[in-house]
Structure formats: C-alpha cells, structure tokens
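A short worksheet on the structure shown next.
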Amino acid sequence: MNFSFEKPNHTFIRYETIENIEIYNQFLNWLKGEFDLYLMEESDSLKVYFPNGLFSVTLFSDNEKDLVIEIKIIGKTVKTANQMVLRIDTLYNHLHKVFYK
C-alpha cells in the first residue's frame with residue numbers, strides 16, 4: 001500500500017488485480033454491509049464517508065482479463081487512516097481467502 005501526505009489529509013492507495021467482476025461486486029457488498037451506518041455514494045465507484053475521512057473503491061478495466069481495483073483511504077489523522085486501512089484490509093484478505101482457496 002502506498003502512503004502520501006497531502007495537507008491536511010493522509011492518503012493510502014492500494015491497487016489490486018482481480019480475476020473477475022464477481023469478486024469486485026462481492027467486495028463492494030461486504031464493504032456496504034460493514035459500513036452500513038456511514039454515508040455512502042455509489043456512482044462510478046463506492047465512496048464511504050466515515051468520521052474524519054473517506055474511502056473509495058474504484059474498478060479500472062481495459063477488458064475482462066485485466067481488472068484492477070483502487071482502494072483509496074483519506075483520513076485527517078494518520079491514526080484514523082490506519083484504523084480504516086486495517087478494517088478494509090481485513091475484509092479484502094478474507095474475501096481473497098474465500099475466492100482463491
């Protein structure tokens with residue numbers, strides 16, 4: 001995961017290659033379930049606004065064989081951003097275990 005500092009926010013960006021669109025859709029469903037009490041926007045990507053920050057998950061694809069998702073987490077403090085990184089990573093790692101046994 002990459003880390004950058006943009007005043008006044010701390011940004012973590014992670015790119016993951018996935019095998020098919022079902023994995024992306026399942027990941028979004030799990031995120032929506034985990035963060036259902038937070039404000040969400042769904043357009044081209046999923047944006048979730050949490051206290052002191054937000055995260056987004058975006059699908060980039062040129063074709064069905066080259067699917068890449070971007071997970072971007074922006075927090076006002078490093079602690080807030082790190083906590084959200086851990087929550088999202090835990091969910092993604094569990095999803096990865098389920099789909100890639």
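The values are calculated or read from the model by the stated rules, or taken from the named source; none is laboratory data. As the structure is a prediction and not an experimental result, all values here were calculated from the model. Every residue, glycine as well, gets a Cβ built from its backbone with ideal geometry; the counts of neighbours run over all protein chains shown. Side chains included, ligands, DNA and RNA excluded: accessible areas come from the protein's heavy atoms. Shrake-Rupley method; radii C 1.70, N 1.55, O 1.52, S 1.80 Å.
Looking for whichever is hydrophobic (A, V, I, L, M, F, W, C), more than 18 Å from Tyr100 (Cβ to Cβ) and open to solvent by 80 Å² or more (accessible area, probe 1.4 Å) here; the options are Leu31, Leu54, Leu46, Leu37. Which one fits?
Of Leu31, Leu54, Leu46, Leu37, the one residue that is hydrophobic (A, V, I, L, M, F, W, C), more than 18 Å from Tyr100 (Cβ to Cβ) and open to solvent by 80 Å² or more (accessible area, probe 1.4 Å) is Leu37.
Of all the residues that make up the range 61-76, how many are more than 14 Å from Leu28 (Cα to Cα) and open to solvent by 60 Å² or more (accessible area, probe 1.4 Å)?
So the count comes out to 7.
Output yes when any residue across the range 64-75 is part of a strand (DSSP E or B) and more than 21 Å from His10 (Cβ to Cβ), and no when none is.
Scanning the range 64-75 turns up at least one residue that is part of a strand (DSSP E or B) and more than 21 Å from His10 (Cβ to Cβ).
Out of all the residues in the range 22-57, which are among the β-branched types (Val, Ile, Thr) and either within 16 Å of Asn82 (Cα to Cα) or under 12 Å from the mean Cα position of the chain (by Cα) (or both)?
Of everything in the range 22-57, those that are among the β-branched types (Val, Ile, Thr) and either within 16 Å of Asn82 (Cα to Cα) or under 12 Å from the mean Cα position of the chain (by Cα) (or both) turn out to be Val48, Val57.
If you check Tyr15 against the conditions, is it modelled with pLDDT under 95, aromatic (Phe, Trp, Tyr) and open to solvent by less than 70 Å² (accessible area, probe 1.4 Å)?
Taking the combined requirement at face value, the residue does not satisfy it.
Contact list please: Cβ distance under 6 Å, first residue in the range 55-67 and among the hydrophobic types (A, V, I, L, M, F, W, C) and modelled with pLDDT under 75, second residue open to solvent by 10 Å² or more (accessible area, probe 1.4 Å) and assigned to a loop (DSSP other than H, G, I, E, B), pairs at least six apart or on different chains.
Final answer for the pair search is none.
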